[in-house]
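**Q** Sharing a structure with you now.
The values are calculated or read from the model by the stated rules, or taken from the named source; none is laboratory data. Treat the numbers as computed from the prediction; the structure is a model and nothing was measured. Reconstructed Cβ throughout: ideal geometry from the backbone, glycine too, with neighbour counts over all protein chains shown.
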Amino acid sequence: MASLQLEIVTPDQIVLSRQVEYVGAPGIEGEFGVLPEHVPFISGLAVGCLYYKADSKTRYVFVSGGFAEVSDNTVTVLAECAEEAEHIDFARAERAFNRATERIAHKGSDVSLPRAEFALRRATYRLSLKNRG
Ligand code: ATP
């Protein structure tokens, strides 16, 4: 069976570049999975958790927006932010979660609700990867 190359890139860095067996990603129209020999495909990415299987293990990566392209047995993810589970600062995510929750609860006139909800979503997905690193 052909193998699959996974590349995850953000504006700041190459987060990951490795051979994998399977990729599951949060597309804007729902999660999609990629095995070797997948047809060419492109999708926007939602905020969420991407996972991949390699060496009989499943690993998780938080991603926030961007898009994914599948072509020639390579999955290229260009994300605004991406963090492997083991690199997430959970104390920071918890602070972001509390800040966003407070903003949403108090709905001050200076608070943008969509912005606070988006921040809450990012923090919630990051926290969901605790113990998954
Ligand atoms: P914060 O309010 O803590 O900055 P945020 O959700 O607003 O959180 P983002 O805009 O999603 O942060 O990300 C800004 C940068 O900080 C990105 O490079 C992202 O990878 C990094 N980052 C944000 N939160 C974390 C975290 N908990 N652990 C590791 N890196 C993080």
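**Q** Gly44 fails exactly one of the following numbered conditions: (1) in contact (Cβ under 8 Å) with a residue 60 or more places away in the chain; (2) surrounded by fewer than 19 Cβ atoms within 10 Å (Cβ to Cβ). What is the number of that condition?
**A** Unmet condition: (1).
**Q** Does Thr124 satisfy being in contact with a helix residue (DSSP H, G or I) (Cβ under 8 Å, 6 or more places away or on another chain) and on the phi < 0 side of the Ramachandran plot?
**A** Working: in contact with a helix residue (DSSP H, G or I) (Cβ under 8 Å, 6 or more places away or on another chain): yes; on the phi < 0 side of the Ramachandran plot: yes.
Here the answer is yes, as Thr124 does meet what is asked.
**Q** If you don't mind, there's one more thing I want to ask. Conditions: (1) within 16 Å of the ligand (Cβ to nearest atom); (2) within 15 Å of Ser128 (Cβ to Cβ). Asp12 meets all but one. Number of the miss?
**A** If we test Asp12 against (1) within 16 Å of the ligand (Cβ to nearest atom); (2) within 15 Å of Ser128 (Cβ to Cβ), just (2) comes out false.
**Q** Hey, another quick one. For residues in the stretch 47-61 being under 18 Å from Ser128 (Cβ atoms) and among the hydroxyl-bearing types (Ser, Thr, Tyr), which is surrounded by the most Cβ atoms within 10 Å (Cβ to Cβ)?
**A** Tyr52
**Q** OK, next. Just to be sure I understand, how many residues within the stretch 119-133 are within 12 Å of the ligand (Cβ to nearest atom) and either modelled with pLDDT under 95 or part of a helix (DSSP H, G or I) (or both)?
**A** The total comes to 10.
**Q** Just checking, does the stretch 88-100 include any residue being more than 21 Å from Ala123 (Cβ to Cβ) and either more than 15 Å from the chain's Cα centre (by Cα) or within 13 Å of the ligand (Cβ to nearest atom) (or both)?
**A** no
**Q** Here is a follow-up. Filter the stretch 71-81 down to the residues that are in contact with a Pro (Cβ under 6 Å, 6 or more places away or on another chain) and surrounded by 13 or more Cβ atoms within 10 Å (Cβ to Cβ) and list them by number.
**A** First pass over the stretch 71-81, keeping only residues in contact with a Pro (Cβ under 6 Å, 6 or more places away or on another chain): 71, 73.
Asn73 - this is the single residue of the stretch 71-81 that is in contact with a Pro (Cβ under 6 Å, 6 or more places away or on another chain) and surrounded by 13 or more Cβ atoms within 10 Å (Cβ to Cβ).
**Q** Quick one: which of Ala100, Ala85 is farther than 28 Å from Arg18 by Cβ and in contact with a Leu (Cβ under 6 Å, 6 or more places away or on another chain)?
**A** Values: Ala85 fails: farther than 28 Å from Arg18 by Cβ.
Within the list Ala100, Ala85, the selection yields Ala100.
**Q** OK, next. Can you tell me which residues in the stretch 1-54 are of a type in the set (S, T, N, Q), within 13 Å of Ala68 (Cα to Cα) and part of a loop (DSSP other than H, G, I, E, B)?
**A** Thr10
**Q** Which ones in the stretch 53-87 are of a type in the set (Phe, Trp, Tyr) and either within 10 Å of the ligand (Cβ to nearest atom) or in the same structural domain as Ala119 (by TED's automatic domain parsing) (or both)?
**A** Listed by number, the list holds a single entry, Phe62.
**Q** Scan Ala116, Ala105 and give me the residue that is assigned to a helix (DSSP H, G or I), buried (at least 16 other Cβ atoms within 10 Å of the Cβ) and either away from the ligand (no atom under 16 Å from the Cβ) or not assigned by TED's automatic domain parsing to the domain that holds Leu16 (or both).
**A** Ala116
**Q** Of the conditions (1) among the small types (Gly, Ala, Ser); (2) surrounded by fewer than 13 Cβ atoms within 10 Å (Cβ to Cβ); (3) within 16 Å of the ligand (Cβ to nearest atom), Ser17 clears all except one; give me its number.
**A** (3)
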